[in-house]
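Read through the structure below, which is laid out as structure tokens, and then see the notes.
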Amino acid sequence: MFSQFRKFTPLLNRVVIKRLDAPKKSAGGILLPESAEKDLQVGEVVSAGPGTHDDYGNFQEIGVKAGQKVLLPAYGGQAFEFQDQKYTIYKDSEILAVLE
């Protein structure tokens, strides 16, 4: 569907996230079950919109930038595929934390 496009930019206060793959092994070398993969709620910011205006007309920039790792809610966002990669779009207010 999106094969004719090369890049995308989210609008307003939207953020495009690529969820990180869950580790297959623990630090001690134990193989983790597939059910553990679904519990990983961490992603990397791919692209962020410019921001939005609040109720008083003041411009509010988005608090995350491309490349940052973020903590995501268990549910929400709009999933889509672009060039055989899976992404999710969230509003910036839905992102729970920036991980450093």
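Filter the stretch 41-74 down to the residues that are among the hydrophobic types (A, V, I, L, M, F, W, C), free of Cβ contacts under 8 Å to residues at least 24 places away in the same chain and within 20 Å of residue 20 (Cα to Cα) and list them by number. Matches in the stretch 41-74: 66 only. Regarding residue 41, is this residue under 22 Å from residue 7 (Cα atoms), of a type outside the set (Gly, Ala, Ser) and either touching a strand residue (DSSP E or B) at 6+ places or on another chain (Cβ under 6 Å) or modelled with pLDDT under 90 (or both)? Taking the combined requirement at face value, the residue does not satisfy it.
Can you tell me which residue within the stretch 9-30, out of those that are surrounded by 10 or more Cβ atoms within 10 Å (Cβ to Cβ) and part of a strand (DSSP E or B), is modelled with the lowest pLDDT? Taking the candidates together, the pick is 19.
For the stretch 78-86, does any single residue satisfy the condition of being small (Gly, Ala, Ser), surrounded by fewer than 14 Cβ atoms within 10 Å (Cβ to Cβ) and not in a loop (DSSP other than H, G, I, E, B)? Looking for residues that are small (Gly, Ala, Ser), surrounded by fewer than 14 Cβ atoms within 10 Å (Cβ to Cβ) and not in a loop (DSSP other than H, G, I, E, B), one finds at least one in the stretch 78-86, hence yes.
The values are calculated or read from the model by the stated rules, or taken from the named source; none is laboratory data. What you see is a predicted model, and the numbers here were worked out from it, not measured in a lab. Note: ideal-geometry Cβ built from the backbone for every residue, glycine included; neighbour counts use all protein chains shown.
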